[in-house]
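Take a look at the structure set out below.
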């Protein structure tokens with residue numbers, strides 16, 4: 001990503017974090033990863049479920065470089081092809097047509113950073129226990145110091161649960177397929193319409209940067 005586009009994206013995230021209304025409740029449990037992530041299967045409401053592809057990959061709490069508090073989420077792939085690691089949490093009570101924002105902070109100390117990031121929302125129906133739809137993956141490059149990410153999405157028809165996912169993967173050609181990402185202070189909110197408008201405006205600014 002060109003440097004000016006990264007700055008525009010960071011500014012957009014900062015605008016959201018600054019403009020988010022105090023009354024917009026964070027619907028995620030354990031947003032700072034202070035409590036242990038789990039590996040025990042469903043239900044996935046009320047905790048972060050971690051996953052990985054086995055040797056060479058990991059997803060766990062860490063105290064290495066928290067943005068706040070004592071811990072954060074650490075995702076790693078070390079010299080392993082076709083691997084993945086991540087964590088997700090289900091948020092029930094979604095109503096089709098609602099606007100939502102999944103946001104937080106991430107960083108990496110790996111240089112070169114040679115894995116892909118995938119941030120998305122998987123929309124699910126709890127009655128049929130099926131996925132209705134999912135957002136396209138947001139694929140930012142984590143900065144070397146904590147920087148914001150944000151994904152705006154509308155609850156689709158048939159969905160009553162949002163599964164928010166942050167993952168890394170090494171399905172690309174390499175050459176090292178190595179990277180570690182730290183994630184902290186995440187949120188999933190239903191914002192005020194004015195906040196959505198600010199993000200849309202910021203998106204237009206970012207698009208303008210890309211056209212130049």
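FYI, it's all coordinate maths here, none of it is from the lab. Fair warning: this is a prediction, and the values are worked out from it, not measured in the lab. All Cβ positions, even for glycine, are placed from backbone atoms using ideal geometry, and neighbour counts span all protein chains on display.
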Point to revise | Ratio Rg/Rh, restricted to the stretch 128-195 and using Cα atoms, in which Rh is the Kirkwood radius | key: 1.01
Point to revise | the stretch 23-67: proportion of alpha-carbon pairs further apart than 13 angstrom, % | key: 63
Study note, to complete from the structure: Distance in Å, no decimals, from the C-alpha centre of the stretch 66-120 to the one of the stretch 156-191 is 4
**Study point:** Ordering of 80-87, 39-46, 101-108 by packing [mean C-beta count within 10 Å, highest first]
**Key:** 101-108, 80-87, 39-46
Check your understanding: Once you treat every alpha carbon in the stretch 25-190 as an equal point and sum by Debye, what is log10 I(q)/I(0) at q = 0.12, 0.14, 0.19 Å⁻¹?
Key -> -0.50, -0.68, -1.22
